[in-house]
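**Student:** Pasting a structure below so you can have a look.
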Amino acid sequence: MQRFRGPAVSFGGHFREKFIPLVMAVLSCFYPGTASLAQDSVAPVEHTRVLADHLKGASRYHVAPGEDTIPNDKYGDDVRLGKKIFTETYKYGRRYAGNDLACANCHLEAGRRPNAGPMWAAYGMYPAYREKNDRSNSLEERIQQCFLFSMNGFAPALDAPELRALISYIHFLSRGVPIGIDMPGRGYPQVVRTGSDPNPKRGGDTYKAKCASCHGVNGAGEKKAGGGYTWPPLWGMDSYNKGAGMAGNDLLAGFIKANMPLGQPWSLTDQEALDVAAYINLQIRPYDPRKGLLKGLFD
Ligand code: HEC
Ligand code: HEC
């Protein structure tokens, strides 16, 4: 879902000419690009540029601040713990995870990669209305849902240390991202409907040719010594459940198109991505916890 649709408000040409320099001027009060700040990191200047480009409609991606800028204080400790939970959920988020996946298996590069559900693009967009539960959701609640569905586990309490640490980590990655602006690279791109139905049989052939070498012919992936996966499973009882975002064919196709095969993003055609997604989502996986086991068995 290339969610970026240009600035939320469409500025007339004249207004735009006035508006952008104004934004730049206001921003430069907060982020003076002076040499004295250089050692702090180049990030603030970079953010200003990204935001300015963004307002002009250019799609440059936000670059999350480097690890070396995590402060050495209690907040920084929480950020570091949050990153561990994000990348080794099966270990540090064990209490709530129902499978051996990690958040970072789907939110690539530890939540930094654009078009792979980057965390920095999410922070400023919550609270947000979700059809899934028909109300406005906080970022904490959104994360609870990934625990419930993608991790096939349990929702951590809002004050659980794991959830707080994840929020600190996401907050850190989002430094410099404006609130309420749908940043380019958010979520996963929308694959354009090709006009021909996704064909799981063709998808199976693509799967065997381009995916099975890592994820396995049986979709079970490969475990890593010490926990988690070297190659995560795409179906079976240790995968995401039927209520998860990835269980939606279009969304899964978008993820695949922009990120898989690993190291060869954007190499599949839209039709191939839709076909292989249909193939994957036809396989067995845990039921949707909202529906109950019996109904899930017959889905
Ligand atoms: C099996 C894949 C998978 C796993 C594992 C997973 N997620 Fe997600 N996550 C998704 C999908 C799919 C979406 C929906 C993206 C969309 O709707 O654009 C999503 C959305 C999100 C969002 C909202 C993003 C936005 O831009 O609004 C957040 C925050 C999030 N996940 C956090 C997490 C955290 C934290 C974990 C680990 C506890 C996690 N996810 C584990 C697949 C996954
Ligand atoms: C070179 C190995 C490799 C190949 C080939 C590959 N993947 Fe992946 N895939 C990975 C890795 C590794 C991850 C997890 C990414 C991470 O943790 O950084 C992943 C993650 C995924 C995920 C999300 C995580 C999950 O468990 O649901 C999906 C879906 C996926 N791949 C689908 C595919 C599809 C479809 C293909 C073929 C078009 C493919 N992959 C080819 C290595 C590979």
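**Student:** Output wanted: per-residue J couplings in Hz (rounded whole) for region 214-227, from phi through Karplus 6.51 cos²θ - 1.76 cosθ + 1.60, θ = phi - 60°, x for Gly and Pro.
**Tutor:** 9, 7, x, 4, 8, x, 7, x, 9, 5, 9, 4, x, x
**Student:** Still on this structure: May I ask you to list the GluC sites (Glu not before Pro) in region 79-150 that are in a DSSP loop and have at most 10 other Cβ atoms within 10 Å of their Cβ? Spell out each step's value before the answer.
**Tutor:** On the way: sites: Glu88, Glu109, Glu131, Glu140, Glu141; in loops: Glu88, Glu131.
Filter output for region 79-150: Glu131.
**Student:** Taking amide H positions as placed 1.01 Å from N in the peptide plane, with prolines and chain starts having none, which residues 5 or more places from Asn137, or on another chain, fall under 5 Å of its amide H?
**Tutor:** The answer is Ala128, Tyr129, Arg130.
**Student:** So what is the relative contact order for region 110-256, in percent, with contacts set as C-alpha pairs under 8 Å and at least six apart? Can you show the working numbers first?
**Tutor:** Working: 179 pairs, mean separation 40.1, N = 147.
For region 110-256, the relative contact order is 27 percent.
**Student:** May I ask you to evaluate 6.51 cos²θ - 1.76 cosθ + 1.60, the Karplus curve with θ = phi - 60°, for each residue of region 190-201 and list the ³J(HN,Hα) values in order in whole Hz, giving x for glycine and proline?
**Tutor:** Here the 3J(HN,Hα) series is 8, 7, 6, 4, 8, x, 10, 4, x, 10, x, 5 Hz.
All of the numbers you see were taken from the coordinates with simple rules; none came from a lab. Please read these numbers as outputs of a predicted model, since none were measured by experiment. Because the Cβ atoms are built from the backbone with ideal geometry, glycine has one as well, and the counts that use them run over all protein chains shown.
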